[in-house]
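The values are calculated or read from the model by the stated rules, or taken from the named source; none is laboratory data. Owing to the predicted nature of the structure, the values given are computational and were not obtained by experimental measurement. Please note: Cβ atoms are built from the backbone with ideal geometry, for glycine as well, and neighbour counts cover all protein chains shown.
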Amino acid sequence: MLRTFFILVVFSISLFSLDNSEILKRANSYMKTGSKSDQFLAYNDYKNLYLRSIMSLDEKLRKDSLKGIVKSGIALHIDISQYQEELSNLKIKTTYNNPASKPLKKSGGAKNIVLKSSHKLKSINWLNKDKIVLKFDKKLQKNQINYFTLYDEKNKKYRYIFDIHASMLTKSQTLRKDGVKRIRIAQYKPNTLRFVIENSKKLKIKFNKNSNSLTIHIITKITKTKAVNHVQIGLNRDKIIVIDAGHGGKDPGAVGYRKYREKIVVLKIAKHLESFLTTRGYKVYMTRDKDKYIELSNRTAFANKKKADLFISIHANAVGKKNAHKVHGIECYFLSPSRSKRAERVAAKENSAYVSEMNMYGKQNFLKFLNHAKTTASHKLAIDLQRGMLGSLNKHYKGVKDGGVREGPFWVLVGAQMPAVLVEVGFLTHPIEAKRLVNDNYRKTIAKGMANGIDRYFRNNR
Ligand SMILES: [Zn+2]
């Protein structure tokens, strides 16, 4: 916990009892008051909706939330240029005549829709027996392709999914390959092509975007030899990750239900994450691997020294008794020079707790350490981590709450020279969540989700 009650209580309580359209309505009404603090509330709502839209592949919501982020961000003087860019890309590509945008079940459904997506699929060809090349009529943009994997444990089904912002003019197609159960491409939404590879055994999928084509490499035999691969994807081996289990030693962090202590819970999760990542080929360092006190600034300094590619700080949260039964959920934070009054207040609280370190950097100046590219990368990482954790947990646990991706001037992340994220794995004060957080299966599941998120991050940001 990083003394973030103030924000958490305000934002977490009501958010997930509301559905998307209610939140959108609320955010829009905040924007009408003209007050800065309302605009900040709206900004956070839009950000949360944006994350949901990505997770649910809801294009309309994505557009609405992006519009909101841009509008509120401008009002708050927050740099929202990346969202603005994404929105303008969307506007160009999503003019179609069917506002309902229902997923098309079968190829026959495409008849009624006039597609005006700027990208069209021209051909699908096997390059050799392992590689499929999808050719489009125009150069593909990076954010046009969304790759993710799903595992259906009950039916033992692995699904590797590419959602491509484009349209196909022909019917859906099924492709065949030895050792793969099913490969199919179809118009999933009026502006989204979905390419799905399905199998009962794990496959290795690599892909490569090159101008107007997307090459998908399906590897059925997963060998452990380090084959030299000209596709150059999945280069986990080069990546260094520093995992930071929050608190430790004299600093117990949050103390919650039945006196469960944050420093213990987060260290266990950190160790599971270390083991998952090591297995997947990453080089991993831990700021602490036992119950030891470490100054905050030494944690990021350690990551800088190790030349880490990512810094992940793991924490657990808490609220006062009054709200203990209400507030729960998982949140990811990234450091951002948010200039709102509210963020400044949280920063001030953080800083008062670490006076000695404050002097080192200088009280008002720490936001100067922020760099825009890093903030954007951290934001992306936070989204991938959040999505990974929820995806993994939702397979096995009910009622896991998505507290969203948030930003703020968090002290532990200041000074990191690489994308850095702070994960709040849940509330130790919430009876159910606390019981889960002391259960090792739950901890393993959440750590696995983080590892999936990290994989995803590196797949998309190389
Ligand atoms: Zn903490």
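I'd like the residue in segment 277-299 that is hydroxyl-bearing (Ser, Thr, Tyr) and within 15 Å of the ligand (Cβ to nearest atom) and, out of all such residues, is surrounded by the most Cβ atoms within 10 Å (Cβ to Cβ).
Only one residue tops the list, namely THR287.
Within the set of pairs 6 or more residues apart or between chains, which connect a residue that is touching a residue at least 12 places away in the same chain (Cβ under 8 Å) inside segment 172-193 to a residue that is part of a strand (DSSP E or B) and of a type in the set (Val, Ile, Thr) with Cβ atoms less than 6 Å apart?
As it stands, the answer is GLN173/ILE185; LEU175/ILE183; ILE183/ILE197; ARG184/THR174; ARG184/VAL196; LEU193/ILE164, since those pairs meet every condition given.
Residues are listed down the side, and each one gets a yes or a no for (1) within 21 Å of GLY391 (Cβ to Cβ); (2) among the basic types (Lys, Arg):
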| site | (1), (2) |
| --- | --- |
| LYS120 | no, yes |
| LYS129 | no, yes |
| PHE148 | yes, no |
| ASN155 | yes, no |
| ASN191 | no, no |
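Consider LYS250 carefully, then state whether it is within 16 Å of the ligand (Cβ to nearest atom) and either among the β-branched types (Val, Ile, Thr) or in the same structural domain as PRO419 (by TED's automatic domain parsing) (or both).
Yes: the conditions hold for LYS250.
Exactly one condition in (1) of a type in the set (Phe, Trp, Tyr); (2) within 16 Å of the ligand (Cβ to nearest atom); (3) over 16 Å from VAL425 (Cα atoms) is false for PHE311; which is it?
Of the numbered conditions (1) of a type in the set (Phe, Trp, Tyr); (2) within 16 Å of the ligand (Cβ to nearest atom); (3) over 16 Å from VAL425 (Cα atoms), the odd one out for PHE311 is (3).
Filter segment 273-302 down to the residues that are part of a helix (DSSP H, G or I) and aliphatic (A, V, I, L, M), then identify the one that is farthest from ASN461 (Cα to Cα).
Once the filter is applied, the top-ranked residue is LEU296.
Would a scan of segment 146-163 turn up a residue that is more than 28 Å from HIS396 (Cα to Cα) and not hydroxyl-bearing (Ser, Thr, Tyr)?
no
Suppose the filter is assigned by TED's automatic domain parsing to the domain that holds TYR442, within 16 Å of the ligand (Cβ to nearest atom), part of a strand (DSSP E or B) and at pLDDT 90 or above; does ASP244 pass it?
So ASP244 passes the test.
Yes or no: ASP152 farther than 25 Å from LYS448 by Cα and not aliphatic (A, V, I, L, M)?
no
Would you say HIS325 is modelled with pLDDT of 90 or more and within 13 Å of the ligand (Cβ to nearest atom)?
No, not satisfied.
Given the criterion modelled with pLDDT of 80 or more and in contact with an Asp or Glu (Cβ under 7 Å, 6 or more places away or on another chain), identify the matching residue among THR192, THR174, THR215, THR220.
Answer to the check: THR192.
Can you list the strands (runs of 3 or more DSSP E) found entirely within segment 153-200 that contain at least 1 residues being closer than 24 Å to LYS122 by Cβ and touching a Pro at 6+ places or on another chain (Cβ under 7 Å)?
The strands (runs of 3 or more DSSP E) meeting that bar are 180-189.
To keep it simple, each residue is scored yes or no on (1) out of contact with any Phe, Trp or Tyr (no Cβ under 7 Å at 6 or more places or on another chain); (2) surrounded by 17 or more Cβ atoms within 10 Å (Cβ to Cβ); (3) of a type outside the set (Gly, Ala, Ser); (4) assigned to a loop (DSSP other than H, G, I, E, B).
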position	(1), (2), (3), (4)
ASN304	yes, no, yes, no
LYS307	yes, no, yes, yes
PHE311	yes, yes, yes, no
ILE314	yes, yes, yes, no
HIS325	yes, no, yes, yes
CYS332	yes, yes, yes, no
